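Here the structure comes first, spelled out in structure tokens, and everything after it is commentary.
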Amino acid sequence: MALPRARVVIESVRPQIDDGRFPIKRVVGESVVVEADIFADGHDELSCRLWYRQGANGPWRETPMLPLGNDRWRGEFRVTELCNYHYTIEGWVDPFRTWRHDLIKRLEAGQNVDADLLMGAALIEKAAERATGDDAGKLLTWAQRLRQGESAVDEDLADTVFRYPDVQFATRYSKDLAVVVDREKARFSAWYEIFPRSCSSEPGQHGTFRDCEGWLPYIASMGFDVLYLPPIHPIGRTFRKGRNNAASAVPGDVGSPWAIGAKEGGHKSILPELGSIEDFRRLVAKAAEHGLEIALDIAFQCSHEHPYLRDHPEWFRKRPDGTIQYAENPPKKYQDIYPLDFDTPNRQELWEELQSVMLFWIGHGVRIFRVDNPHTKPFEFWEWALTGIKEKYPGVLFLSEAFTRPRVMNWLAKLGFSQSYTYFTWRHSKEELTAYFTELTQTEVSEYLRPNLWTNTPDILTGYLQTGGRPAFTVRLTLAATLGANYGIYGPAFELSENTPYAPGSEEYLHSEKYEIKHWDVNSALSLKEFIGRVNRIRRENPALQSDRHLHFHRTDNPLLICYSKATQDKSNVILNVVNLDTVYTQSGWTDLDLFALNLDPQQEFEVHDLLSENRYRWRGARNYIELTPNSAPAHIFRTRQ
């Protein structure tokens, strides 16, 4: 048996998720920076290269890896197409690099190098055998010059030899690692949630898709680019929920849109009161004219009247008495819906049907889905379903609505969800926000989980919003829009500062829109629409706010003032944010800025331009005074210039 000749060790490759089990995530145009520990026995010099390709069968391309010190190497490639990429690493002991390194040292020491030149000539002649075109002749000429006693540490010579390395004993990393590449909206988006049935201009009248079209200019004027609709399907009547989640409905109650299915159809049908499939397609097209994409809710659960119960009773789990158990999340009870049995013996048929639901709506122009409670369905279903869809439609995006345990949330992101709801909704203190966003942006989590920060949802009205008044809404909007590149609001409840809970200690809204039609006065003088529009414009005009990378927290001496910055890779655009977390009192304090992170010379003055107020200030050094008043100036969004 031939003995192995590969001397190079490759380990600690990053990025790599669970030993290569899952891909990392990027969007078109972003770079993949790969690092690894690469070393060998002895003192020989090494060469390393990064291999990458589009798809599983595309041609491999290479780019050199450069040493960082302490046996750590780095290479980089850019993803330019909307497809999966693969990458791996190769390293080898490089005789020519070793020879050249030693020759330079000997020349500097004034030693005789006659023998070394002959050794180098032999190595160059070997490289000439591997070379192509004019390079082969150039290398032979250099080899001849060395044999005649000329020293050769020429950079052009070295570059030419390095193009034709001897890699017969190279070590190739044991895994081909994967990158899922999404379109730009996976990285940067602003979501607005609205119930179409509340879009009518007449109070108490059921809204339609045509009514929803009338809202498009308003939503676009605030700078949103994703319009998220809760389920638009027929709603069950049996055990329909009444207003304020009452266990029984009265005539006229419209029920919860998440109780999907009725005699009119199921997940591939539309609630007749909203309009037809043609009306929906028209809404998708009209939204696009305003720079908006429609995101559709996917909730895999069924009302008592869903056609699945009639046609496929085997898809539901029965109790010993033959009845089906309605859904529960104690203490919450959802008497109006049944869960599907994903472990049914007929699971292949069920899984294919559910995947076909998403494919159906893709066929009608939808390219973004918000998935309801994916953590209550099998992981393997999502990996199978999402992978299959992305292979056919790589531009489709999926938002995971999984307010659940961290490992479960992270696992769903690894399985293929493009974005994820987060715990931001319940992180309010400076310490909580700093620790959480450091984890999201500066650990391995950032390679696979893209946070989407929601200020509120139809299910969640936090205590901070309930008690903080209008300042609480401006603070949370500013944090969501500047800490995260993806964020969303449930409106118009948010811009109108809707903050009345169902009961003390509850996060449910009183008169929740989940169970009734609402009429919103979006022209109210108290609306935050102008403020929201200004913040979204700032986001669009500043690339630093369009990515979750390069988030950096700066110290302040006041625990109620949080200070953080974002910058582009080249630091040509730097945004510095300071937010008053106190919704009642003016807070002041001193910053302790990391000037290097801000790309600022500590010896020179610099300008901070508040993009919210248009005020400009001249600062010097790390220590600067801040004062923020909740009602008039709860935050600064500074663009820095020197």
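The values are calculated or read from the model by the stated rules, or taken from the named source; none is laboratory data. From a predicted model like this one, the values you see are computed outputs, not experimental measurements. Positions of Cβ are backbone-derived with ideal geometry, glycine not excepted, and every protein chain shown enters the neighbour counts. Each accessible area value is taken on the protein alone, full model and side chains, heavy atoms only, with ligands, DNA and RNA left out. Shrake-Rupley method; radii C 1.70, N 1.55, O 1.52, S 1.80 Å.
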Across region 48-62, the tally of residues that are over 15 Å from Tyr173 (Cα atoms), more than 25 Å from the chain's Cα centre (by Cα) and surrounded by 12 or more Cβ atoms within 10 Å (Cβ to Cβ) stands at 2
Of all strands (runs of 3 or more DSSP E) completely enclosed by region 392-487, which ones contain at least 2 residues that are open to solvent by less than 20 Å² (accessible area, probe 1.4 Å) and aliphatic (A, V, I, L, M)?
397-401
Considering only region 374-385, state which residues are out of contact with any helix residue (DSSP H, G or I) (no Cβ under 7 Å at 6 or more places or on another chain) and either open to solvent by less than 60 Å² (accessible area, probe 1.4 Å) or at pLDDT below 95 (or both).
Lys377, Pro378
Which count do you get for residues in region 162-206 that are outside any loop (DSSP other than H, G, I, E, B) and either surrounded by fewer than 16 Cβ atoms within 10 Å (Cβ to Cβ) or modelled with pLDDT under 95 (or both)?
2
Please pick out the residue among Leu309, Leu340, Leu283, Leu350 that is surrounded by fewer than 19 Cβ atoms within 10 Å (Cβ to Cβ), hydrophobic (A, V, I, L, M, F, W, C) and out of contact with any His (no Cβ under 6 Å at 6 or more places or on another chain).
Leu309
How do the strands (runs of 3 or more DSSP E) wholly within region 37-125 filter down when requiring 3 or more residues that are touching an Asp or Glu at 6+ places or on another chain (Cβ under 9 Å) and among the hydrophobic types (A, V, I, L, M, F, W, C): which remain?
46-54
Within the bounds of region 292-304, is there any residue that is over 20 Å from His519 (Cα atoms) and open to solvent by 30 Å² or more (accessible area, probe 1.4 Å)?
yes
Would region 494-509 turn up any residue that is modelled with pLDDT of 95 or more, crowded, with 22+ Cβ neighbours inside 10 Å and within 23 Å of Ile294 (Cβ to Cβ)?
yes
Of the criteria (1) free of Cβ contacts under 8 Å to residues at least 12 places away in the same chain; (2) in a loop (DSSP other than H, G, I, E, B), which one Arg145 fails
(2)
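Any idea which residue in region 13-30 is surrounded by the fewest Cβ atoms within 10 Å (Cβ to Cβ), counting only those that are over 15 Å from the mean Cα position of the chain (by Cα) and assigned to a strand (DSSP E or B)?
Taking the candidates together, the pick is Arg14.
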The conditions are (1) free of Cβ contacts under 8 Å to residues at least 60 places away in the same chain; (2) closer than 16 Å to Leu292 by Cα, and Cys199 fails exactly one of them. Which is it?
(2)
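Applying the selection to region 532-576, what residues are outside any loop (DSSP other than H, G, I, E, B), more than 21 Å from the chain's Cα centre (by Cα) and among the polar types (S, T, N, Q)?
Thr556
Suppose the filter is surrounded by 12 or more Cβ atoms within 10 Å (Cβ to Cβ) and of a type in the set (Ser, Thr, Tyr); does Thr132 pass it?
no
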Ile517 fails exactly one of the following numbered conditions: (1) surrounded by 15 or more Cβ atoms within 10 Å (Cβ to Cβ); (2) assigned to a helix (DSSP H, G or I). What is the number of that condition?
(2)
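So that you can scan it fast, the table gives a plain yes or no per residue for (1) without any contact (Cβ under 8 Å) to a residue 60 or more places away in the chain; (2) not hydrophobic (A, V, I, L, M, F, W, C):
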position	(1), (2)
Leu595	yes, no
Thr629	yes, yes
Pro634	no, yes
Arg641	yes, yes
Output for Cβ contacts, cut-off 6 Å, separation at least six or different chains, first residue within 17 Å of Met119 (Cβ to Cβ) in region 151-164, second β-branched (Val, Ile, Thr) and surrounded by fewer than 16 Cβ atoms within 10 Å (Cβ to Cβ), reads Val153/Ile104
Exception for Phe417 within (1) farther than 24 Å from Ile538 by Cβ; (2) out of contact with any strand residue (DSSP E or B) (no Cβ under 7 Å at 6 or more places or on another chain) falls at (2)
Filtered residue count, region 561-610, keeping only those that are within 20 Å of Arg470 (Cβ to Cβ) and buried (at least 17 other Cβ atoms within 10 Å of the Cβ):
11
Quick one: Asn329 ticks every box in (1) in contact with a Phe, Trp or Tyr (Cβ under 9 Å, 6 or more places away or on another chain); (2) open to solvent by 50 Å² or more (accessible area, probe 1.4 Å) except a single one, so which number is it?
(1)
Could you give every pair whose Cβ atoms fall below 7 Å, whose first residue belongs to region 231-257 and is over 15 Å from Gln301 (Cα atoms), and whose second residue is open to solvent by 70 Å² or more (accessible area, probe 1.4 Å), counting only separations of at least 6 or pairs across chains?
Gly242/Ser248; Gly242/Val250; Arg243/His511; Asn244/Tyr502; Asn244/His511; Asp253/Arg243
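So if I check each of Glu45, Glu76, Glu90, Glu35, which one is surrounded by 13 or more Cβ atoms within 10 Å (Cβ to Cβ), acidic (Asp, Glu), under 25 Å from Val167 (Cβ atoms) and touching a residue at least 60 places away in the same chain (Cβ under 8 Å)?
On the way: Glu45 fails: touching a residue at least 60 places away in the same chain (Cβ under 8 Å); Glu76 fails: touching a residue at least 60 places away in the same chain (Cβ under 8 Å); Glu35 fails: touching a residue at least 60 places away in the same chain (Cβ under 8 Å).
Selected residue: Glu90, the only one of Glu45, Glu76, Glu90, Glu35 that is surrounded by 13 or more Cβ atoms within 10 Å (Cβ to Cβ), acidic (Asp, Glu), under 25 Å from Val167 (Cβ atoms) and touching a residue at least 60 places away in the same chain (Cβ under 8 Å).
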Out of Tyr228, Tyr218, report the one residue that is open to solvent by less than 10 Å² (accessible area, probe 1.4 Å), in contact (Cβ under 8 Å) with a residue 60 or more places away in the chain and under 32 Å from the mean Cα position of the chain (by Cα).
Tyr228
